[in-house]
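All remarks here apply to the structure that follows.
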Amino acid sequence: MKKCITHRCRSLLWPKMNLSMRFSILFIFVAIFQIQANSYSQDVKITLHEKQISILDFFEKVETITPYSFLYRVGDIDLNRRVNVSVDQISLEKILSSLFTTEGIIYKVLDKQIVFSKKNETLVAKEVVEQQTVSGIVSSQKGEPLFGVTVLIEGTRRGVSTDIDGKYTIVAEPGEVLVFNMLGFEKAYHTVTDQQVVNISLKEQTSELDEVMVVAYGETSKRFNTGAVNQINAETIEEQPVNNPILALQGAAPGLFITQEAGRPGGNVTVRIRGENSIGSSNRPLYVIDGIPYSDEPMNQFSYIGFPTKGNQSPLNSINPADIESISILKDADATAIYGSRGANGVILITTKHNKLSGKGLSVNVNVLTGVKEVGHMMDLLSTPEYLALRRQAFENDGVVPDNSNAPDLTLWDQNLDMNWQEHLFGGTANFVNAQAGISTGTARNSFSLNTSYNQEGTIYPGDFSYQRFSIRSRYSYQSQDDRFRLNLQANYSTDDNNSFGGNFASVLLTPPNFNPYNEDGSLNWTITNPIAPLNASYVNKTNTLFADLNLAYEISDYITAKVLVGYNINNLDQQNKNPSTSLNPAYANYSWGSPNVQQGDTKRQTLNIEPQLTYKNQIGNGVFSALLGGTLMKRTQDNQTIDANNYSSDLFLDNIGAAGSYSIFVSNIDYRYLSGFLRLNYNWNDKYLFNASVRRDGSSRFGPNNQYGNFAALGAAWIFSEEKFFKDQSVLSFGKLRASYGSTGNDGIGDYGYYQLWTATSSINNESSTVLTPTALANLDYSWEKVLKFDVALELGFLKDRILLNANYYRNSTKDQLVGLPLPSQTGFTSVNANLPALIRNTGVELSLNTRNINSETFSWNTDFNITFQKNELVSFDDLEASTYANTYEVGSSILSQKGYLASVDPETGTYTIQDLNNDGQITYADDRKILGDRLPKFYGGLQNNFTYKNWNLGFLFQFVKQEDYNYLNTVYDAVGNRSNFEESVLNYWKQPGDQVSVPKPSTATSNAFFNSLSSSLHWDDASYIKLRNVNLSYNLPATWVNQVGMQNARVYFQGQNLLTITSYKGLDPESKSTFAPPLRIVSLGVQTNF
């Protein structure tokens, strides 16, 4: 019998030590005894000083500091014999000779293994002779060499790993079996014969469970993951014609809810992971790009488009979707606690593509997409005949005779003009083109890539508006000859030029259909607010972004790797909003806001992020133990400047701030700093029991000095019960895992300097010209972290060899120490002070996902992915809520997104509004007569994806569905039905006679208190649910025989569609954006992609 003694085999001392002691000893042990040596020399020299060390311990130490391992037969060597070793740069051969020659033991060096046997032992001599060296290359089925493949001799712990060129060398005996294993690929086996060169091609895993999954500071697979993580790969992202990569995730993952705020190019998106956690802090997730945190907070100094405003630019638009390899969504404490105070709202990891080499030198990729965009869903507004009939009925009901003063639309305007202002204002077609080109070259050790992208888009609005984006990304990768040192350097630069209009369609979208915006002389008609005047105002946003990162890694030993990540990010946003006289009502020209004016905004944000890391990974017992120790140093500065210039004498001078009659300048600076350290321990025992623990200590400049640091930790565990013996005798359940996690994360997503005492300069006091500092905010040195306690439990099942995968997940997130304005007595002179309120918010939910491979043959496949999320939000407690400024907004026991409003109805006898007096005091008051109408938080949401492949054809489509409630468009219409405003067709079902049970009152030109109260009432609280055909993609891969003849590697043509169909009963433009601004656009496009 023979045995391999390596530090992988140690087990006697470990049970006596706890996990933290083991972790510390491993790091200290290697740090003290690690010696740099020539790993390939047959005469290795070592330095070692030990007294009375056992032979067993001597073997272990030598294996630690050299590349050699020892083979021997049990009983041949006295492992307990103690010896003294004190040598400095003495060859290993001399040391072994002095230790074993007198003991009757001989040895022989075979590659990196030292084989011992007794003198004149024919059996061992035979074993030694039979040992032979096997070498080769391990590659993928595409011919790409695979780095890091584990090559083990089955039944032993002897093994090696392939280098960056896929090469390996191992010593084995004939008859032994080599096992080739790598995450994301199926295992391969080879029985050793006299063949010395064995090349292996690994097949990619067909099970989704074994696909590589990016998690915080590392990689794993769905099979061995202990946290709640979903990953969207490049194939899904590239199938969608979107500018913002986050939009490609809509409906694709449970627990992730994304809404596009408007159809404006470059506009902001709202992202929520598992609901709303905070009242006064940010609910945005943390974004991490290639290991470096990235701020998605808009930098706009002003945004006046739409109602509510939709003019913010999303910093995420600077990321080219074509550059992304995968996006991971981290949700529970196990996955996010290692990000500490920035992981409360979940984390989104964006991993960009690595250099992909063709093996033929220079590789070129070209992708061109062109198409059109348009508004896909509009309201059915009244035509001119319907509108005029409604107006006349209103005057008849009021007993008023229409005349030129009170009803010019009935007496003066063209009775045959029929304008649909939706169609006129944003009913155009925007042509767009997206061209991308990239090159890559180099070897497996030195590679370089350069990718460029240009996107040009027209406008759906009447006018000369446009959107352009250009990006360039370069990446250089290097790996040393000994595979120990790795370097990755990449830089991404992008420009974003958004030239749009500067007005607000909210007040003009429902302009009467027979209004002519022009006078007979061609000038603008200002009889009422002119709907096209906003198109004469310009709103320009220019963004420049540089994102660069350096990733250095060095393998100190086979088990310890040191890393450092350095990221540097610059974001510049220049804004200009020009309002010439042609965009303003001349009736107000004598006012500063009614004369030509300009606003300019300038924002400069710089972020430096440094993250040193130390990783350890080794086999301990029957499992694999890994540890990560690291820190984060971050500094972000932001300089803001806004200039308001008014009273220009002419539109010709709007580009010159100095020509303004008056102007004011507002300047602010932000300095945000962040310091932290973190530790993660992971143990995988026999691919069956998984444990993961993480802890982080954060310090943030946003909190007071008394509570500037916070601690966050999490523990996750999983049991793959399908690996138990009692599950092996059945063929239905192929995979079963139960996992759970609990831990805490934090939230520092608040404004800077919130704990300071703030002062404001006042220019005069008591009518005397002077400058006086007046306190405006109180200091709170105890201002501290908002904490989220997360609990998560899930059951993951695979059936029929993983053709059916089912995942059921329950979560409960509890947020305490809410960062809000704590109300103060009026005697203090202040209304509130920034403080941690003892309020508790709880989010609970169930996430279900089902993935099926329905058909999988050589020529045809059909896969289905389904996910659905049920969620609930509750304000569990809020001390002294009645006395706070939130008393009229929240109720304990209800969601923080609950909407309060009046209970209103239409009196069936009179046809007028009736507002219910809830407290029966004879008057309608805001505080006492409103109740919760519903919850804006979606009750459930999800997506259904189907993908079909037939030979060279691919077809996929995604339906997204959302069950939710909200106010309809009438909530923002301040004209009663029958007044001079257009409406959606449903208002024709108005009250006509006593006894009518309807929700629309009789038409009237008058407005009353009851009407204004009805705006935010149950009458306009509506079902805002929808089903959207979010994406359709169809592609055809040209036959290889065709493309190879013209020198191409591959080529495909494809069709992509986005937001093609919306099914909803919502009264408004779009149930997703729920505003009177242009909704998310329908996109239809064709493209071609090829590789040379």
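The values are calculated or read from the model by the stated rules, or taken from the named source; none is laboratory data. As the structure is a prediction and not an experimental result, all values here were calculated from the model. Cβ coordinates were reconstructed from backbone atoms using ideal geometry, including for glycine residues, and neighbour counts include every protein chain displayed.
Table: residues versus (1) of a type in the set (Lys, Arg); (2) buried (at least 17 other Cβ atoms within 10 Å of the Cβ); (3) at pLDDT 90 or above.
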{"residue": "Val624", "(1), (2), (3)": "no, yes, yes"}
{"residue": "Gly630", "(1), (2), (3)": "no, yes, yes"}
{"residue": "Arg636", "(1), (2), (3)": "yes, yes, yes"}
{"residue": "Gln641", "(1), (2), (3)": "no, no, yes"}
{"residue": "Ser649", "(1), (2), (3)": "no, no, yes"}
{"residue": "Leu652", "(1), (2), (3)": "no, no, yes"}
{"residue": "Asn656", "(1), (2), (3)": "no, no, yes"}
{"residue": "Ser668", "(1), (2), (3)": "no, no, no"}
{"residue": "Asp671", "(1), (2), (3)": "no, no, yes"}
Of all residues in region 985-1023, count the ones that are charged (D, E, K, R), buried (at least 19 other Cβ atoms within 10 Å of the Cβ) and either at pLDDT below 95 or closer than 28 Å to Phe1077 by Cβ (or both). 1
Within region 320-345, of all residues that are of a type outside the set (Asp, Glu) and in contact with a helix residue (DSSP H, G or I) (Cβ under 6 Å, 6 or more places away or on another chain), the one surrounded by the most Cβ atoms within 10 Å (Cβ to Cβ) is Gly343
Would you be able to say whether some residue in region 274-285 is at pLDDT below 85 and touching a strand residue (DSSP E or B) at 6+ places or on another chain (Cβ under 7 Å)? yes
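Yes/no per residue for (1) surrounded by 13 or more Cβ atoms within 10 Å (Cβ to Cβ); (2) charged (D, E, K, R):
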| position | (1), (2) |
| --- | --- |
| Asn851 | yes, no |
| Phe866 | yes, no |
| Thr869 | yes, no |
| Leu875 | yes, no |
| Asp879 | no, yes |
| Ala883 | no, no |
| Tyr890 | yes, no |
| Ser894 | yes, no |
Sole miss for Asn317 among (1) polar (S, T, N, Q); (2) crowded, with 22+ Cβ neighbours inside 10 Å; (3) modelled with pLDDT of 90 or more is condition (3)
The number of residues in region 641-676 that are part of a helix (DSSP H, G or I) and either in contact with a Phe, Trp or Tyr (Cβ under 9 Å, 6 or more places away or on another chain) or at positive phi (or both) is 2
Out of Ser466, Ser494, I need the residue that is among the small types (Gly, Ala, Ser), touching a strand residue (DSSP E or B) at 6+ places or on another chain (Cβ under 8 Å), over 30 Å from Leu388 (Cβ atoms) and surrounded by fewer than 19 Cβ atoms within 10 Å (Cβ to Cβ). Which one? Ser466
At least 3 residues that are buried (at least 18 other Cβ atoms within 10 Å of the Cβ) in each: list the strands (runs of 3 or more DSSP E) lying fully within region 682-797 that qualify. 689-700, 709-719, 733-747
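Quick grid of which residues meet (1) among the hydroxyl-bearing types (Ser, Thr, Tyr); (2) under 30 Å from Thr220 (Cα atoms); (3) assigned to a loop (DSSP other than H, G, I, E, B):
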position	(1), (2), (3)
Ser328	yes, yes, no
Ala344	no, yes, yes
Leu349	no, yes, no
Val364	no, no, no
Leu388	no, no, no
Glu396	no, no, no
Taking the condition at pLDDT below 90, of a type outside the set (Lys, Arg) and either surrounded by fewer than 21 Cβ atoms within 10 Å (Cβ to Cβ) or not in a loop (DSSP other than H, G, I, E, B) (or both), does Thr193 pass? yes
Within region 591-614, take every residue that is more than 25 Å from the chain's Cα centre (by Cα) and part of a strand (DSSP E or B) and give me the one that is nearest to Asn569 (Cα to Cα). Asp602
Just a yes or no: is a residue in region 1074-1083 at pLDDT 95 or above and more than 24 Å from Glu238 (Cβ to Cβ)? no
Within region 367-374, does at least one residue satisfy the condition of being assigned to a strand (DSSP E or B), in contact with a Ser or Thr (Cβ under 6 Å, 6 or more places away or on another chain) and farther than 30 Å from Gly1047 by Cα? yes
Restrict the check to region 246-253 and report whether at least one residue is without any contact (Cβ under 8 Å) to a residue 12 or more places away in the chain and under 26 Å from Asn431 (Cα atoms). no
Do the conditions hold for Ser69, that is, is it buried (at least 18 other Cβ atoms within 10 Å of the Cβ), at pLDDT 70 or above, within 54 Å of the chain's Cα centre (by Cα) and not assigned by TED's automatic domain parsing to the domain that holds Lys45? no
Would you point out the residue of region 442-493, among those that are among the aromatic types (Phe, Trp, Tyr) and closer than 16 Å to Asp323 by Cα, that is farthest from the chain's Cα centre (by Cα)? Phe448
Considering each of Thr511, Thr529, Thr543 in turn, give the residue that is over 22 Å from Thr352 (Cβ atoms), polar (S, T, N, Q) and either buried (at least 21 other Cβ atoms within 10 Å of the Cβ) or in contact with a Gly (Cβ under 9 Å, 6 or more places away or on another chain) (or both). Thr511
Does any residue of region 437-446 turn out to be of a type in the set (Ser, Thr, Tyr), out of contact with any Phe, Trp or Tyr (no Cβ under 7 Å at 6 or more places or on another chain) and at pLDDT below 90? yes
Of all residues in region 808-835, which are surrounded by fewer than 21 Cβ atoms within 10 Å (Cβ to Cβ) and closer than 26 Å to Phe735 by Cα? Ala808, Tyr810, Arg812
Given the structure, is Thr543 assigned to a loop (DSSP other than H, G, I, E, B) and polar (S, T, N, Q)? no
Do you know which residues across region 350-391 are in contact with a helix residue (DSSP H, G or I) (Cβ under 7 Å, 6 or more places away or on another chain) and over 30 Å from Gln141 (Cα atoms)? Val375, Met378, Met379, Asp380, Leu381, Leu382, Glu386, Leu388, Arg391
Matching residues, region 838-855, being in contact with a Lys or Arg (Cβ under 9 Å, 6 or more places away or on another chain), free of Cβ contacts under 8 Å to residues at least 60 places away in the same chain and assigned to a strand (DSSP E or B): Leu840, Arg842, Thr844, Thr852, Arg853, Asn854
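Every residue, every condition in (1) touching a helix residue (DSSP H, G or I) at 6+ places or on another chain (Cβ under 9 Å); (2) within 30 Å of Phe860 (Cα to Cα); (3) buried (at least 16 other Cβ atoms within 10 Å of the Cβ), yes or no:
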| residue | (1), (2), (3) |
| --- | --- |
| Asp929 | yes, no, yes |
| Ile932 | no, no, no |
| Asp935 | no, no, yes |
| Pro938 | no, no, yes |
| Gln945 | yes, yes, yes |
| Thr949 | no, yes, yes |
| Asn952 | no, yes, no |
| Asn968 | yes, no, yes |
| Asn971 | yes, no, yes |
